[in-house]
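Let me begin by presenting the structure, written as structure tokens, before commenting on it.
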Amino acid sequence: MSQGFIDLYSDTKSQPTDGMRQAIMSAVVGDEQKDEDPTVLELCRRVSSLLGKEAAVLLPSGTMCNEIALAVHCRPGDEVICDSTAHLIHFEGGAPAALSGVMIHTIQGERGIYSQSQLATALERPQSRYAPRTRLVWVEQTANLAGGTIWPLETIQSVVATAHEAGLVAHMDGARLMNAVVATGIDAKEYAKGFDSVWIDFTKGLGAPMGSVLAGSKEFIDEAWRLKQRWGGAFRQAGFLAAAHLYALDNHVDRLLDDHRHARLLSEGLSKLPLISITPTDFPTNIIFFDVAKTGLTAKEVVAAAKLSGLGLGAFGPTSIRAVTCINISAADVTRAVQILQKVLVSKVNPQLRQM
Ligand SMILES: *Cc1c(COP(=O)(O)O)cnc(C)c1O
């Protein structure tokens, strides 16, 4: 990250800490795809037990976790039910169609979270030779595009139960599951209970350079391994990566609460700026969204101007902007971010100032 630049684009911008870099340097490594990397094996055991599953596999990215899970659970023509904001739909390059040939059936949930009754309604369509075969129910914890919202445990449990009663399988995109865990104090394995597959991302708030771990039954992971190999996701000395992940599990989980506190500070600061709307105002984890419609500028224009002034943000809609806190961002950075945005808006929106 360049000097002084405050990057709130995403928690994917998190930089490895000194401790993590040391853990990487001193990792004991072996040939991962031969099951000979002791650090990877230890990581997979740790994550299986964290998530309450039989087995786990290290993958290069969260996207690959989602796409491998889809391909293992579904056949071409099958239908996946998810919220309309799901990462799966918007940020995975059309992979559900391209790699697995599945249909996506969206539910318009409340801030990324649909209810058991909405799921039941989606399942009411009579199965016949005309209908796609519904196969998989999808939950994203936390819901990224909805502002890092947390699925309540009871909602998750009722959704998973409904899926299983209907003979379907359930998958959790747990990219930021650990953010939900620290925010609520509910164990990861409680949230993951009943899911046929679940993964966590180490390159978001947990601060590793890359990598995710997908967990499930031994049978599921055996099939996932076949696709990991086929799609070129098998590693060699991946213990360097696994060492970063183990370090993150030991040192970077509890501190996610700092990110949540900083996101709250940020939303409070931004809500005081006259031309910015924040609705709703309660962002439970590290992701906030705000709207710049009142400035008369587009989100892209504001983001471009902020970037020139040393602040990274993301345009996620015509007038909607996302800001995400992570380990790189201090409380002082948040204060400065609000000041930068205020200056940017004054100079862009006030015509007199613009002519100066
Ligand atoms: C980032 C993200 C992914 C994809 O993870 P990568 O490691 O970036 O491929 C999937 N789902 C959600 C909700 C995410 O935020």
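Read the figures in this text as sums done on the coordinates, not as results from a lab. Being a predicted model, the structure only gives us computed values, none of them experimental. Because the Cβ atoms are built from the backbone with ideal geometry, glycine has one as well, and the counts that use them run over all protein chains shown.
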Proximal lysines relative to K228, as straight alpha-carbon distance under 20 Å, when same-chain residues fewer than 8 apart are discounted: K34, K53, K218
Relative contact order (percent, whole number), the chain, Cα cutoff 8 Å, 6+ residue spacing: 24
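Given N residues in region 16-71, what is Rg(Cα) / (2.2 N^0.38 Å)?
1.28
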Gyration tensor (Cα) of region 258-326, equivalent ellipsoid semi-axes in angstrom: 19, 14, 10
Residue-span extension gain [T106 to K300] - 0.36 nm each, minus C-alpha spacing: 67.1 nm
Coordinate range along principal axes, alpha carbons of region 108-185, Å, largest first: 45, 21, 20
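Give the peptides 52-59, 292-299 in descending order of average Cβ contacts within 10 Å, highest first. Could you put the intermediate results ahead of the total?
Working: 52-59: 22.4, 292-299: 17.8.
The densest-packed peptide leads the list: 52-59, 292-299.
Rg/Rh for the chain to two decimals, with Rh computed the Kirkwood way over all alpha-carbon pairs. Mind showing how you got there, number by number?
Values: Rg = 21.1 Å, Rh = 21.2 Å.
Rg divided by Rh gives 0.99.
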Region 198-217 residues near the modelled S49 label - backbone nitrogen below 15 Å, point 7 Å along Cα→Cβ: none
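Classify region 164-239 as rounded, prolate or oblate from the Cα gyration tensor: take a ≥ b ≥ c as the square roots of its eigenvalues, call it rounded if a/c is under 1.5, otherwise prolate when a/b beats b/c and oblate if not.
Values: a/c = 2.68, a/b = 1.10, b/c = 2.43.
In terms of gyration-tensor shape, oblate.
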Cα-based reach from K300 at 12 Å (exclusive), listing aspartates and glutamates while leaving out same-chain residues under 8 positions away: D291
Shape call, region 2-116: gyration tensor on alpha carbons, a/c limit 1.5: oblate
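How long is the gain from L257 to S330 if the chain were fully straight, where each residue apart is worth 0.36 nm and the alpha carbon distance is subtracted?
Values: separation 73, 0.36 × 73 = 26.28 nm, distance 1.22 nm.
Working it through step by step, the gained length comes to 25.1 nm.
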Shape of region 98-251, Cα gyration tensor, a/c cut at 1.5: oblate
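Relative contact order (percent) for region 35-180, with alpha-carbon contacts under 8 angstrom and 6 or more residues of separation? Don't skip to the end; give the middle numbers.
Details: 206 pairs, mean separation 32.5, N = 146.
For region 35-180, the relative contact order is 22 percent.
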Within straight-line cross-link reach of K307, lysines at Cα separation under 18 Å, skipping those fewer than 8 residues along the same chain: K13, K343, K348
Relative contact order %, region 241-356, counting alpha carbon pairs below 8 Å whose residues are six or more apart: 25
Spacing of the two label points (7 Å from each Cα toward its C-beta) at I186 and K272, in nm: 3.4
DSSP beta bridges in region 124-199 [antiparallel fraction, %, rounded to 5]: 10
Cut-off 12 Å between beta-carbons: net charge of the residues surrounding S309, Lys and Arg +1, Asp and Glu -1: +4
At 1.306 mPa s and 10 °C, Stokes D of region 81-152 from Kirkwood alpha-carbon radius, µm² per second: 122
Value of [θ]222 nm, deg cm²/dmol, for the chain, DSSP H segments ≥ 4, -39500 (n - 2.57) each, nearest 500: -12500 deg cm²/dmol
